[in-house]
Amino acid sequence: MKIDIYDIPEDGLTLDLTEEGKALEEVAGGKLDFRFASTVAAHLELSKTDGDIFVRGDVKTTLKLSCSRCLKDFDYGFSSTFTDFYSKKREAEKEKELKPEDMEVNYLEGHEIDTNELLLSQISLELPMNPLHDPECKGLCPNCGADLNLGECGCPKGGKTESKFAKLKDFKIK
């Protein structure tokens, strides 16, 4: 959904949105590290002053993530509250050095805010860097790749694993 900033009344605009995950995946062009397992529900409050738009909202959905230790897919309940600030891009500000406070500002090229882009960016920013299906996940065996959550693998205990670079220690240049 696109919101024309000129349609936001002086007293603000409140929206309750429900969006299919496929629509948000299309915004990213299919280049996401996660998938949507349910619809995305959001509540947005927009206010406007002198062409600047302040957005406050919350978003809830269920995502399919891959565990960073054992690579199993799992459902991740996502809920986040956020604030965002949009400013109309002025011609004189196109080429200027950014200050730390400018990093919190989104500049509008036109006069519309795409809610799908807004929601996708908020979800992407809030995801855990290394998602785990269980904090006690044992991961995969570094030698044979067996899932250690299912039990012990057949690799010898306490033995040193051969490094990929071990053969290079005997390498000599003439």
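Of the residues making up region 117-174, those that are among the hydrophobic types (A, V, I, L, M, F, W, C), out of contact with any Cys (no Cβ under 7 Å at 6 or more places or on another chain) and either surrounded by 13 or more Cβ atoms within 10 Å (Cβ to Cβ) or not in a loop (DSSP other than H, G, I, E, B) (or both) are Leu118, Leu119, Leu120, Ile123, Leu125, Leu127, Ala166, Leu168. Of the numbered conditions (1) surrounded by 13 or more Cβ atoms within 10 Å (Cβ to Cβ); (2) modelled with pLDDT under 90; (3) within 30 Å of Ala146 (Cβ to Cβ), Arg69 fails exactly one; give the number of that condition. Looking at each condition in turn, Arg69 falls short on (2). Among the residues of region 81-90, not a single one is of a type in the set (Asp, Glu), assigned to a strand (DSSP E or B) and over 18 Å from the mean Cα position of the chain (by Cα). Taking (1) under 30 Å from Pro131 (Cα atoms); (2) at pLDDT 90 or above; (3) not acidic (Asp, Glu) in turn, Leu15 satisfies each apart from (1).
Just checking, does region 51-65 include any residue being at pLDDT below 95, in contact with a strand residue (DSSP E or B) (Cβ under 7 Å, 6 or more places away or on another chain), surrounded by fewer than 14 Cβ atoms within 10 Å (Cβ to Cβ) and in a strand (DSSP E or B)? Looking for residues that are at pLDDT below 95, in contact with a strand residue (DSSP E or B) (Cβ under 7 Å, 6 or more places away or on another chain), surrounded by fewer than 14 Cβ atoms within 10 Å (Cβ to Cβ) and in a strand (DSSP E or B), one finds none in region 51-65, hence no.
Results for (1) of a type outside the set (S, T, N, Q); (2) in a helix (DSSP H, G or I); (3) out of contact with any His (no Cβ under 7 Å at 6 or more places or on another chain); (4) crowded, with 17+ Cβ neighbours inside 10 Å, shown as yes or no for each residue.
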| residue | (1), (2), (3), (4) |
| --- | --- |
| Tyr6 | yes, yes, no, no |
| Asp11 | yes, no, yes, no |
| Leu24 | yes, yes, yes, yes |
| Gly30 | yes, no, yes, no |
| Ser38 | no, no, yes, no |
| Ala42 | yes, no, yes, yes |
| Lys48 | yes, no, yes, yes |
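Give all pairs with beta carbons closer than 7 Å in which a residue from region 1-23 that is free of Cβ contacts under 8 Å to residues at least 40 places away in the same chain meets a residue that is part of a loop (DSSP other than H, G, I, E, B) and of a type in the set (Ser, Thr, Tyr); count only pairs at least 6 apart in sequence or on separate chains. Once the first residue is free of Cβ contacts under 8 Å to residues at least 40 places away in the same chain and sits in region 1-23, its partners that are part of a loop (DSSP other than H, G, I, E, B) and of a type in the set (Ser, Thr, Tyr) give Thr18/Thr39; Glu20/Thr39.
The values are calculated or read from the model by the stated rules, or taken from the named source; none is laboratory data. Because the structure is a prediction, the values reported are computed rather than measured. As a convention, Cβ positions derive from the backbone with ideal geometry for all residues, glycine included, and neighbour counts pool all protein chains shown.
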